[in-house]
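See below for the structure under consideration.
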Amino acid sequence: GRARAQGGADGGGLVSLDPVDLTARLVAARSHSGEEDAAADIVADALRAAGLEPRRSERNVWAARGTGDRGLLFNSHIDTVPAGPGWTRDPWKPAGEDGKLYGLGANDAKMGRTKKKVSTRRAAERPRRALESQIRGVLM
């Protein structure tokens, strides 16, 4: 689904929470190590649209939900290595084909990070008593 977020990265204020769409947006965001600002903005907007309050420090994004001494942490990275010479398509243009998503980082951390964000959102939607532990998401 789509959710309204303040100042969404897509310019229209709408941020998709669909895992495939979110992953495609992350693939399209060039995010070589040290150049992750665009990807970090996408992640922060998606967390905000999911009802969380993301925080940023340089290229790092994190959010927490709940209270308590115990916690569940989802951790990932948002950078990619440069595209190697073996690419037969534009690595920054996400493309779906035969049920697969192609693009630089789609099978590395970008899809994994999306699954973690969706899992954090679903866990945060649980009744309050289920949040006696903290749920944390850290994306570097």
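The values are calculated or read from the model by the stated rules, or taken from the named source; none is laboratory data. None of these values were measured; they are calculated from a predicted model. Heavy atoms of the whole protein, side chains included, go into the accessibility calculation; ligands, DNA and RNA do not. Shrake-Rupley method; radii C 1.70, N 1.55, O 1.52, S 1.80 Å.
Quick one: accessible surface of residue 59, probe radius 1.4 Å, all protein chains present, in square angstrom to the nearest 10.
90 Å²
Heads up, I need the accessible area for residue 55: 1.4 angstrom probe, whole protein in place, Å², nearest 10.
Here the accessible area works out near 150 Å².
Quantify, in whole percent, the carbon and sulfur part of the accessible surface of the stretch 9-106 (1.4 Å probe; protein heavy atoms only).
That fraction is 48 percent.
Under 5 Å between amide H atoms, partner at least 5 residues away or on a different chain: which partners does residue 31 have, H built in plane at 1.01 Å?
80
Rank these by accessible area, largest first, 1.4 Å probe: 97, 35.
35, 97
Using amide H atoms built 1.01 Å from N in the peptide plane, name the residues 5+ places from residue 77, or on other chains, whose amide H lies under 5 Å from its own.
The list, which skips near neighbours in sequence, is 140.
Assuming 0.36 nm per residue, please report the length gained on full extension of the stretch residue 53 to residue 87 beyond their Cα-Cα distance.
8.5 nm
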